[in-house]
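Structure record follows, encoded as structure tokens.
The values are calculated or read from the model by the stated rules, or taken from the named source; none is laboratory data. Note that the structure is predicted; figures quoted are calculated from it, not measured. Positions of Cβ are generated from backbone atoms using ideal geometry, with glycine treated the same way; all protein chains shown enter the neighbour counts.
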Amino acid sequence: MATTSQTAPDISKPIILVGWIIGIVAVASLVMSGVTKVVSPDLFVVGFTRFGYDQSVVLPLGVVQLVCTVLYLFPRTAVLGAVLLTGYMGGAIATHLRVGDPYFVQFGLGVLLWLGLYLRDRRIRALLPLRSEFPEKTKGMHVVDSE
């Protein structure tokens, strides 16, 4: 059975480097937060109880955060790590929304994670092209913009 795969164009080395830098900025924040949750969970107890969580969830959340972040760092598991961290950030955003706190940091981290991955991984570029090329069959046909 023959399959056709759509491939993204080659990515230049500077773009890949920018993708890694953007990803590392997000990773640094996540690692710092995760390590602090694991090493000094008492620092988070006041915040977590204000959010309505028991203090016993701080350590497991720190471990989950670190594991997902490590998965994001390795090219072979980066997409899985990004998906898991998106879920993690979604939970953090929901928690902040529930108590009326700003959620821009969590949203920004999610954007940085995916932007970094998009810039360095051709699989993501093929899956989510920023611009769509019309196939050869549509040349000469009238195409209406939805603007």
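In table form, for the structure just shown:
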item	result
Contacts under 7 angstrom Cβ, first residue in the range 61-87 being within 16 Å of Val25 (Cα to Cα) and without any contact (Cβ under 8 Å) to a residue 60 or more places away in the chain, partner of a type in the set (S, T, N, Q) and crowded, with 20+ Cβ neighbours inside 10 Å, 6 or more apart	Gly81/Thr69; Leu85/Thr69
Condition met for Val18 (closer than 14 Å to Asp121 by Cβ, surrounded by 14 or more Cβ atoms within 10 Å (Cβ to Cβ) and in contact (Cβ under 8 Å) with a residue 60 or more places away in the chain)	yes
Residue check, Leu119 more than 15 Å from Tyr53 (Cβ to Cβ), hydrophobic (A, V, I, L, M, F, W, C), in contact with a Ser or Thr (Cβ under 7 Å, 6 or more places away or on another chain) and in contact (Cβ under 8 Å) with a residue 60 or more places away in the chain	no
Helices (runs of 4 or more DSSP H) (entirely within the range 1-92) containing at least 2 residues that are of a type in the set (Phe, Trp, Tyr)	42-50
Answer from Val144, Val111, Val63 - the residue that is at pLDDT 90 or above and out of contact with any helix residue (DSSP H, G or I) (no Cβ under 7 Å at 6 or more places or on another chain)	Val111
Residues that are among the aliphatic types (A, V, I, L, M) and either surrounded by 15 or more Cβ atoms within 10 Å (Cβ to Cβ) or free of Cβ contacts under 8 Å to residues at least 12 places away in the same chain (or both), drawn from the range 88-99	Met89, Ala92, Ile93, Ala94, Leu97
